[in-house]
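Each remark here refers to the structure printed beneath this line.
Each reported figure results from applying straightforward, stated rules to the coordinates on display, with no laboratory input. Note that the structure is a prediction, hence the values are computed from the model and not measured. Positions of Cβ are backbone-derived with ideal geometry, glycine not excepted, and every protein chain shown enters the neighbour counts.
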Amino acid sequence: MRKFRVTVNGTSYNVEVQEEIKSVTAVPCGQAVVPAAPAVAAPSPVAAPVEIAAGDSAIKAPMPGKIIKVLVKKGDKVKKGDVLMILEAMKMQNEITSPASGCVTLMNVANGKSVKPGEVMAVIG
């Protein structure tokens, strides 16, 4: 078991995840088993840091996932609690809401974009 601390919508949770055990294929006696080489992912480009002005509210990804629907765009006025986008994670659709009333000053995601935990998805000013 591996232990993680996960924050969802500002609430922290301690979770335990059981690692999956890969199945073993039987081989005839006397033959060696050669493990497959691990897959190496291509490095992803590093995104430029997002600057947030004093008084602005950054909406950060609470978990890794994929944006399946963006409901607002830069320049839109929103109220506290308005749904800004839908984040799909672990086959669940999560509504990402505005933490404050204001204007969308930055929309850093689009439909189909994958996000990492803590990544700034939008800014409300």
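Points worth noting:
- D (Stokes-Einstein, µm²/s), Kirkwood Cα radius, the range 54-125, 1.306 mPa s at 10 °C: 134
- Residues whose placed amide H lies under 5 Å from that of SER101, excluding near-sequence neighbours: LYS80
- The range 54-125: relative contact order as a whole-number percent, Cα under 8 Å and 6+ apart: 44
- For GLU119, the residues 5 or more places off, or on other chains, whose built amide H falls under 5 Å of its own are ALA61.
- Cross-link partners for LYS69 among the lysines, with Cα-Cα distance under 23 Å and sequence neighbours closer than 8 places in the same chain left out: LYS60, LYS77, LYS79, LYS80, LYS91, LYS113, LYS116.
- Set of the range 87-125 residues, backbone N closer than 18 Å to the point 7 Å along the Cα-Cβ line of LYS77: 98-106, 124-125
- For a paramagnetic label modelled on LYS69 (point 7 Å from Cα along Cα→Cβ), amide N atoms under 16 Å away belong, within the range 105-124, to 110-113.
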